[in-house]
1. If you take the residues of the stretch 120-154 that are touching a residue at least 60 places away in the same chain (Cβ under 8 Å) and among the basic types (Lys, Arg), which of them is surrounded by the fewest Cβ atoms within 10 Å (Cβ to Cβ)?
2. If only one of Ile62, Ile53 is surrounded by 18 or more Cβ atoms within 10 Å (Cβ to Cβ) and touching a residue at least 24 places away in the same chain (Cβ under 8 Å), which one is it?
3. Count, please, the residues in the stretch 1-54 that happen to be in a helix (DSSP H, G or I) and either among the hydroxyl-bearing types (Ser, Thr, Tyr) or more than 11 Å from the ligand (Cβ to nearest atom) (or both).
4. Of all residues in the stretch 55-106, which are under 17 Å from Lys31 (Cα atoms), more than 16 Å from the ligand (Cβ to nearest atom) and out of contact with any Leu (no Cβ under 8 Å at 6 or more places or on another chain)?
5. Could you say whether any residue in the stretch 241-260 is assigned by TED's automatic domain parsing to the domain that holds Gln158, assigned to a helix (DSSP H, G or I) and in contact with a Pro (Cβ under 9 Å, 6 or more places away or on another chain)?
6. Pairs only if they're at least six apart or on different chains, beta carbon under 6 angstrom, first in the stretch 19-48 and in the same structural domain as Ile72 (by TED's automatic domain parsing), second within 13 Å of the ligand (Cβ to nearest atom); list them, first residue then second.
7. Among the residues of the stretch 35-50, count how many are on the phi < 0 side of the Ramachandran plot, of a type in the set (Gly, Ala, Ser) and loosely packed, with under 15 Cβ neighbours inside 10 Å.
8. Kindly indicate the residue of the stretch 83-111 that is without any contact (Cβ under 8 Å) to a residue 24 or more places away in the chain and not in a helix (DSSP H, G or I) and also surrounded by the fewest Cβ atoms within 10 Å (Cβ to Cβ) among those meeting that condition.
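The values are calculated or read from the model by the stated rules, or taken from the named source; none is laboratory data. Given the structure is predicted, the values throughout are model-derived calculations rather than measurements. Reconstructed Cβ throughout: ideal geometry from the backbone, glycine too, with neighbour counts over all protein chains shown.
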Amino acid sequence: MGDCRFCEKPAGFLRYVHKECESRYKEGKNKIISLVEHIGFQGGNISSLEKQINDQALSDFIEKTELNKLIITGWEKAVERAFDDGVLTKEEEISLTALIEHFSLTQEKLDKNGAFSKIVKGAVLRDIFEGKIPERQKINGNIPFNLQKTEKVIWVFQDVKYYEQKKRTQYVGSSKGISVRIAKGVYYRTSAFKGERVETHQTIHTDTGLLGVTNKHIYFSGSGKSFRISHDKIVSFEPYSDGIGLQKDGVTAKPQSFVTGNGWFTYNLITNVAQL
Ligand SMILES: [Zn+2]
């Protein structure tokens with residue numbers, strides 16, 4: 001006779017779990033995840049959340065050591081939901097941050113699937129929509145950009161692929177899709193970035209490097225090429241699933257594109273900073 005690994009009572013010949021115990025354990029874990037998701041998204045009393053979590057764990061055979069992972073999963077789901085309905089609101093940011101502090105969740109674990117970076121990016125975009133210059137990215141090391149006196153760095157993307165194009169329409173099916181108007185800015189949802197990049201012989205991967213966005217310019221600094229473009233010299237923007245395309249003023253200007261890996265953030269950032 002083996003003992004059930006959940007309730008530790010006899011489970012029967014050659015058996016080590018009761019089916020009921022196992023499903024209680026699984027459901028209990030899901031419940032904890034959704035409790036955290038709910039508070040992370042809607043806000044609420046975290047002390048009573050913690051009590052609920054502990055009660056749930058106790059009654060459903062969930063070990064204390066398992067809780068951290070469940071709380072992080074719930075938190076990630078709350079981030080997803082916060083972005084579902086548009087931008088990250090101040091309230092959503094506050095309740096998500098409160099969970100981090102209360103449960104001492106580490107940035108490293110929260111960012112395993114990119115959720116932590118996503119709220120930083122959401123908050124950066126919200127600052128810009130509100131006309132503020134965000135100071136939310138910690139920049140390590142020196143930035144190779146020759147900044148002007150009153151110029152402020154808003155964001156630096158790393159390992160950005162810079163392409164020069166001889167012809168446009170390298171992206172198929174990209175559309176600006178669903179957008180939301182927020183104060184002065186126009187915000188495009190993630191669903192707007194489904195365009196597929198089709199590389200043709202006219203698209204030349206010219207360099208790879210840092211792409212910096214300041215309140216005045218866009219900077220690029222690669223191993224072979226470095227330049228800056230003033231926001232008001234850009235006549236059009238093109239949203240891509242993994243980056244942005246720009247067209248500068250002037251008849252001879254070639255379309256340029258930057259692949260950052262995140263079109264949603266890059267496009268919303270650059271187009272709205274240009275309006276600051
Ligand atoms: Zn059992």
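1. Only one residue tops the list, namely Lys152.
2. Ile62
3. Qualifying residue count for the region: 28.
4. Asp55, Lys64, Thr65, Glu66, Leu67, Lys69, Leu70, Thr73, Lys77, Arg81
5. No: the stretch 241-260 contains no residue that is assigned by TED's automatic domain parsing to the domain that holds Gln158, assigned to a helix (DSSP H, G or I) and in contact with a Pro (Cβ under 9 Å, 6 or more places away or on another chain).
6. Final answer for the pair search is Cys21/Cys4; Cys21/Phe6; Cys21/Cys7; Arg24/Asp60; Tyr25/Phe6; Tyr25/Asp60; Tyr25/Phe61; Gly28/Asp60.
7. So the answer is 2.
8. Ser104
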